[in-house]
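Working notes, beginning with the structure itself.
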Amino acid sequence: MDLFTKAYEYTEAKEAIAAGMYPYFIPLSENEGSEALYKGHRLIMCGSNNYLGLTTDPRVREAAIQAIRRYGTSCTGSRFLNGTLEMHEQLEHELAEFVGKEAALVFSTGMQTNLGTISALISRGDYVILDKEDHASLVDGAKLSFGETKRFAHQDMDHLERVLRQLPEEKGKLVVVDGLYSMEGDIAPLPEIIPLCKQYGARLMVDDAHAIGVIGGGRGTAAHFGVTPGVDLIMSTFSKSFASLGGFIAGDEPVVHYIKHHARAMIFSASIPPPNAAAALASLKIMRDEPERVEHLGKIADYMRKGYRELGFNIGNSTTPIIPVIIGERMLTLYVWKRLFDEGVFVNPVLSPGVQPGREMLRTSYMATHTFEQMARVLAIFEKVGKETGLI
């Protein structure tokens, strides 16, 4: 059999394109934070991870421009060799302080952060214990390791305890959860997870990609619950609230030092470019200096959750600016997405296997730069389309 046969026979996406129902890889001509432009069609952006709206902040832009002028566009090498700048180490120091840990290590992407961290720490005979709704990068990091992966039902602490109880006491164990789950907007119950980890001798890593800048005064899930000392490793990305590209892991200095010298995803990748590091630093300063951005984001999220529920939409258990509108049927989800797009609202349709069958949804997410006027317009459009399609 020709290896490429599967590629030649794959037609699903092209069929959706031909039918005008393809929701991915949409080439935007403008993306001004809370609004976007597609072929002259202006949309209110409710499908971005730009939670604090910093991608267009003049201070962040200027920091990136100045970094290019000083350092150029790339470091052209890995952190391990010629690719470390003083700015990288400054960023690591400030990130560690921000999340309340001894040290931090910057990677070139969030995906690489999880791949490198988990595969570096987990050796043959060790165990990785994942929530079934964990991000794909965590699953792939576990696959890259030489350890064994166990899964527990989403947010099910009884199941987590059963899994931990069955593992050999003498083996290394790492429980890994998303702090804020990116599809349904619910938060990991760290005050319940931490005692289980301590009881069964497991370490805890929290992926805060969607939580930094959003909850805990912007400092993430551990800060949200006031349990930072009980979380061993905190990970996040720069591609969301930090308005850049990259990622970091933070924890005890000896652990971060070990990851620094064993994470292949960092050692064999070019370092984060100067403008990206500078943008992340500038965004971090704004997070520290302007807590009102996080507060306004919370108010926008409260307003939208209340609005969706009053209209009769199913938004699951979201308590954050990530608000799913659960539809439960594949084709209906795509149709509703298209109607909303045509009416001027950009959201993200999420289909199986991205979610469990029967949980197909429109993932909506909000920014600190959204106005209540824009949100009222979004709810009015959702009401119109929801009534047209029988969702409400």
> Looking at (1) touching a strand residue (DSSP E or B) at 6+ places or on another chain (Cβ under 6 Å); (2) assigned to a loop (DSSP other than H, G, I, E, B); (3) closer than 27 Å to Ala270 by Cα, can you tell me which one Thr84 breaks?
Replying inline: (1)
>> Can you confirm whether Asp252 is modelled with pLDDT of 95 or more and over 22 Å from Pro321 (Cβ atoms)?
In response: yes
>> When you scan segment 120-131, do you find a residue that is under 16 Å from Val256 (Cα atoms), among the aliphatic types (A, V, I, L, M) and open to solvent by less than 30 Å² (accessible area, probe 1.4 Å), even just one?
In response: yes
> Does Arg293 qualify as being more than 21 Å from Glu184 (Cβ to Cβ), touching a Leu at 6+ places or on another chain (Cβ under 9 Å) and of a type in the set (D, E, K, R)?
Replying inline: yes
> Only one of Ser137, Ser123, Ser74 is of a type in the set (Ser, Thr, Tyr) and in a helix (DSSP H, G or I); which?
Replying inline: Ser137
> What about Val378, is it assigned to a helix (DSSP H, G or I) and either open to solvent by 40 Å² or more (accessible area, probe 1.4 Å) or of a type in the set (A, V, I, L, M, F, W, C) (or both)?
Replying inline: yes
>> Among the residues in segment 345-364, are any farther than 30 Å from Pro189 by Cβ, of a type outside the set (Lys, Arg) and part of a helix (DSSP H, G or I)?
In response: no
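For (1) crowded, with 17+ Cβ neighbours inside 10 Å; (2) not in a helix (DSSP H, G or I), each residue gets a yes or a no:
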residue	(1), (2)
Gln155	yes, yes
His159	no, no
Glu170	no, yes
Leu174	yes, yes
Ser182	yes, yes
Gly185	yes, yes
Pro191	no, no
His210	yes, yes
Val214	yes, yes
> Identify, please: which residue in segment 331-366 is polar (S, T, N, Q) and over 21 Å from Ala36 (Cα atoms) and is, among those, most open to solvent (accessible area, probe 1.4 Å)?
Replying inline: Gln356
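Okay, residues lined up against (1) more than 19 Å from the chain's Cα centre (by Cα); (2) part of a strand (DSSP E or B); (3) not charged (D, E, K, R):
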{"residue": "Ile249", "(1), (2), (3)": "no, yes, yes"}
{"residue": "Met266", "(1), (2), (3)": "yes, no, yes"}
{"residue": "Ala278", "(1), (2), (3)": "yes, no, yes"}
{"residue": "Leu284", "(1), (2), (3)": "no, no, yes"}
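The values are calculated or read from the model by the stated rules, or taken from the named source; none is laboratory data. A quick note: this is a predicted structure, and the numbers were derived from the prediction, not measured. Because the Cβ atoms are built from the backbone with ideal geometry, glycine has one as well, and the counts that use them run over all protein chains shown. Quick note on the areas: whole protein, heavy atoms, side chains included, nothing else; ligands and nucleic acids left out. Shrake-Rupley method; radii C 1.70, N 1.55, O 1.52, S 1.80 Å.
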